[in-house]
Structure formats: structure tokens, C-alpha cells
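Just so it is clear, none of the values below were taken in a lab; they were calculated from the coordinates. Predicted, not measured: the structure shown is a model, and the values here were computed from it. Every residue, glycine as well, gets a Cβ built from its backbone with ideal geometry; the counts of neighbours run over all protein chains shown.
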Amino acid sequence: MLTQIGGKPESDFSDPLGLLSDCHQRIRYFLGVLISVCEQARVNQLTVDQRTGLEKALWYFREAGPRHTADEEKSLFPLLRAKNIPRVLRALEKVDRLEADHRQAEVDHDDVDTIGRRWLSDGSLSKEDLRQMKVLLSNLMALYKRHLVVEEAEIFVLADGVLSDGEKDLVGREMAARRGILRR
Ligand SMILES: [Fe+2]
Ligand SMILES: [Fe+2]
């Protein structure tokens with residue numbers, strides 16, 4: 001699902017680094033949706049809009065989020081790790097930390113998904129689940145606030161400078177293949 005957020009046109013697979021940044025906009029957007037549904041939550045039933053927002057956001061983090069992580073961990077980061085260039089070598093510690101963030105985010109998203117699905121099936125949420133959901137989302141918000149900026153302002157900029165056109169094209173092809181899209 002390529003959801004366009006805001007007025008900026010989406011990048012395409014010929015610009016994989018732009019596409020990764022577009023994914024970040026979707027992460028920010030859908031995290032905001034989850035936070036806003038929690039803030040509006042009442043003991044009574046979810047409204048139609050809240051239910052739709054919750055369903056879409058949970059879907060995004062369950063289905064599309066892992067592909068974005070794989071784009072970085074399986075396609076982009078290995079190409080950086082293969083470079084014997086001082087400024088890349090200096091950045092590899094940050095890349096390791098980004099991967100550790102991914103593991104933490106996966107755990108938190110799993111818990112958000114479990115509680116969110118219970119919310120959808122029951123139509124309401126216990127006070128304890130709501131409290132837990134808010135803690136998880138606040139943790140994710142803090143994690144992504146730092147993580148996404150490091151990737152955008154440092155790692156993607158670095159990759160843009162050191163990867164060859166052929167390597168960028170390879171990242172784009174792998175990203176397309178991950179989504180079942182064939183590129184010539
Ligand atoms: Fe990441
Ligand atoms: Fe990312």
C-alpha cells in the first residue's frame with residue numbers, strides 16, 4: 001500500500017533513498033493516528049472513523065513496516081558495511097544502533113498490535129490496556145523521533161554520497177521485489 005501523506009509526490013523505485021524517506025512520513029502519520037485514537041478513546045464504542053484509522057494503522061505497522069526494516073537491513077545497510085571508506089566506517093556504529101532500535105520497535109509494535117486487535121474485536125478497551133497502549137506509543141514516538149532523523153539526516157545522506165548508481169539501482173530493485181513489483 002503506498003499511502004500518499006501530504007502534497008509531496010511519492011518517490012519511486014528509481015529513487016530508493018527518497019522512497020525510504022517517504023516511508024518515514026507514513027510511519028509518522030500512522031503513529032500519529034494511533035496516538036490520536038488513544039487520546040480520543042472513551043469507554044464506549046469506537047466511532048467509525050476511529051475504527052478505520054486503527055485498522056489502517058495496525059495494518060501498516062504489521063505488513064508494511066517490516067518491509068521498510070528489511071529495505072534498510074537487507075538492502076541498504078549491507079552495501080554500506082561493505083565500503084572501506086573512513087566516513088562510512090565511522091557511521092557503522094550508528095547503523096548497529098539503528099538495527100537495535102528496529103528490534104525494540106518490533107517488540108513494542110507487536111504489543112500495540114495485540115492490544116489494538118483486542119480493541120477492534122471487543123469494541124472497547126480496559127483502562128489497563130489503554131494505559132499500556134499509551135505507554136507503548138509514547139516509547140515508539142520517542143524512539144522514532146531520534147531514529148528517523150538519524151537515518152534521514154545522516155545515513156541516507158551518506159549512502160547517497162558513497163553508493164554508485166548501480167548499487168542504488170540494486171536497492172531499488174530489491175525494494176520493488178519485496179513488494180511483488182518487477183522492475184526492468
Ligand atoms: Fe530504520
Ligand atoms: Fe527507516
> So how tilted is helix 127-150 from the main axis of the chain? Cα-based, degrees 0 to 90, rounded to 10.
Replying inline: 20
> Applying the Karplus parametrisation 6.51 cos²θ - 1.76 cosθ + 1.60 with θ = phi - 60° to the phi angles of segment 65-74, what ³J(HN,Hα) value in whole Hz is obtained for each residue in order, glycine and proline being reported as x?
Replying inline: x, x, 5, 5, 4, 5, 4, 6, 6, 9
>> Which three extents, in angstrom, do the Cα atoms of segment 39-117 have along their principal axes, listed largest first?
In response: 58, 17, 17
> About its Cα centre, how strong a charge dipole does segment 16-178 have in debye, to the nearest 20, once Lys and Arg get +1 and Asp and Glu get -1 at the Cβ?
Replying inline: 240
>> Tell me the angle of helix 48-59 to the major Cα principal axis of the chain, expressed in degrees between 0 and 90 and rounded to the nearest ten.
In response: 40
> Can you tell me the Rg and the Dmax, both Å, for the Cα atoms in segment 16-178?
Replying inline: 17.8, 58
>> Could you tell me the extents of segment 78-124's C-alpha atoms along the three principal axes, largest first, rounded to whole Å?
In response: 54, 15, 10
>> Using only the alpha-carbon atoms, how far is helix 165-178 inclined from the longest principal axis of the chain? Give it as 0 to 90 degrees, nearest 10.
In response: 30
>> If each DSSP helix of 4+ residues adds -39,500 (n - 2.57) and the sum is divided by the residues in the chain, what number results at 222 nm, nearest 500 deg cm²/dmol?
In response: -23500 deg cm²/dmol
>> Going through the cross-link list K83/K168; K94/K145; K94/K134; K145/K168; K56/K94, which pairs have a Cα-Cα distance over 20 Å in this structure?
In response: K94/K134; K145/K168; K56/K94
